[in-house]
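One structure is given below, encoded as structure tokens.
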Amino acid sequence: MAKGPLVTRSELRKRKIESPSEQTKEQKQAQRDYQQEEKKINNYYRKQAKQQSTIQKTRTGEKEKSRRMNHFLMKWILIVTVLIILVLLMVFFL
């Protein structure tokens, strides 16, 4: 039989004192690892979102743009036809 205890009280006290500091070190390391992994994941999804840009066009915006262009073109077509008619009149009557 053993004459003394396997672990002495002083050894138990040392382990008790060291264990919280070791736990905090492990927790800090785990927290750092977690933050690095989170940053890595965020970077990946940020890059994916950057590649897939959102569409800013709307149906009403596109219709308004089409109307403005149509108005502009019709105005210039009318001006050009009036000028052609004036040139033809000048050629025939002068």
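The values are calculated or read from the model by the stated rules, or taken from the named source; none is laboratory data. If you're wondering where the values come from, they're calculated on a predicted model, not measured in any experiment. Heavy atoms of the whole protein, side chains included, go into the accessibility calculation; ligands, DNA and RNA do not. Shrake-Rupley method; radii C 1.70, N 1.55, O 1.52, S 1.80 Å.
The combined condition, being over 53 Å from the mean Cα position of the chain (by Cα) and part of a helix (DSSP H, G or I), is not fulfilled by L73. Only residues that are outside any loop (DSSP other than H, G, I, E, B) and open to solvent by less than 100 Å² (accessible area, probe 1.4 Å) were counted across the range 46-70, and they come to 7. Hey, does the range 11-33 have a residue that's at pLDDT 90 or above, open to solvent by 100 Å² or more (accessible area, probe 1.4 Å) and not in a loop (DSSP other than H, G, I, E, B)? Yes, some residue in the range 11-33 is at pLDDT 90 or above, open to solvent by 100 Å² or more (accessible area, probe 1.4 Å) and not in a loop (DSSP other than H, G, I, E, B).
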